[in-house]
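Scroll down for the structure; my scribbles are underneath it.
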Amino acid sequence: MREQLRGLVESLSEDVHWQHLSDEQDADVLALLSDTWVLRYALEGQARILERLVDRVSETPDARLRAVLIRSLQQTGEPSTQLLGIQVLQGRDVYRDWVTDAAPEVRAAAVENFREEAARNAGRYRVVAERAVSLATVAEDPATAAGLLGASSIEAVRGPSVAQVRTLLQSPKSPVVRAAAARALATSPVTELSASLDALAARYSAEPEASVRAALLESISRLGLSRAVPVLERLRDTNAAARDEVNPWIALLAEHPQRWEMLDTARRHSHR
């Protein structure tokens, strides 16, 4: 597909290509035109190409079409979540604008870009993960904040970003955000393992929502594996309800899984 797009770029002049893109109102056709437009940047490296596209996003009234234009930034060849505002459009934090946009389509497109870019490096792209965490702290919509927290592993991030996730774990706004923060902490860097385990355990004792407690127990088990057992045993003994929630994880960890994948497989089999 990328080679086909390259051929289309080479067959159009920049001015003709832009005119087609500016006039197009069909989402599917616009996706092809905007993908190939961004591919021009990947081939030529000219900042004006992305500047025109970003300006077009702000000028387009239809949120569905704005989302198409934003998703086309996946064609830059490097993370647009870092590229925009640093190398291109210096000083303009367009991704912050997009994750706080009133339109859910626009917010979802921005989150999708983070997820796609993180996946290029198996979810271990430090700059992408740190940027996602930073924006999760300012996203007003809970689903958007949760999507940003789930877009990437945080195992490659530095301490301040992990601290931001731990702060979101205490969010009074939404259990969706707290659950997403809990799952993000399950991928904490080794240097932050103990602090994240402590934060997850402390939150479990105070958490009123069953869905969040489930995410907390999953993350404690995933992050700690065998080290999680004494933590879980302490939580189990707090009350009868906790015993029912915690005991299945202790039983799974009794098999001494060496990796999360092994523990997750055993968990899935136990639910059949």
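The values are calculated or read from the model by the stated rules, or taken from the named source; none is laboratory data. Worth saying up front: this structure is predicted, and the values here are computed from it rather than measured. Note: ideal-geometry Cβ built from the backbone for every residue, glycine included; neighbour counts use all protein chains shown.
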Item checked: Any chance Leu73 is of a type in the set (A, V, I, L, M), crowded, with 17+ Cβ neighbours inside 10 Å and free of Cβ contacts under 8 Å to residues at least 40 places away in the same chain -> no
* Asked: Any residue in the stretch 204-213 that is in contact (Cβ under 8 Å) with a residue 24 or more places away in the chain, crowded, with 17+ Cβ neighbours inside 10 Å, assigned to a helix (DSSP H, G or I) and within 22 Å of the chain's Cα centre (by Cα)?
  -> yes
query: Does any residue of the stretch 119-127 turn out to be assigned to a helix (DSSP H, G or I), at pLDDT 95 or above and out of contact with any Phe, Trp or Tyr (no Cβ under 6 Å at 6 or more places or on another chain)?
result: no
Among residues of the stretch 62-84 being farther than 14 Å from Asp26 by Cβ and in a loop (DSSP other than H, G, I, E, B), the residue farthest from the chain's Cα centre (by Cα) is Gly77
Within the stretch 135-152, identify whether any single residue is touching a Pro at 6+ places or on another chain (Cβ under 7 Å), in a loop (DSSP other than H, G, I, E, B) and of a type in the set (Ser, Thr, Tyr), and answer yes or no.
no
The correct count of residues that are in contact with a helix residue (DSSP H, G or I) (Cβ under 8 Å, 6 or more places away or on another chain) and either at pLDDT 95 or above or in a loop (DSSP other than H, G, I, E, B) (or both) in the stretch 39-48 is 1
Exactly one of Ala109, Ala163, Ala180, Ala136 is out of contact with any strand residue (DSSP E or B) (no Cβ under 7 Å at 6 or more places or on another chain), modelled with pLDDT of 95 or more, among the small types (Gly, Ala, Ser) and in the same structural domain as Thr76 (by the TED database), and that one is Ala109
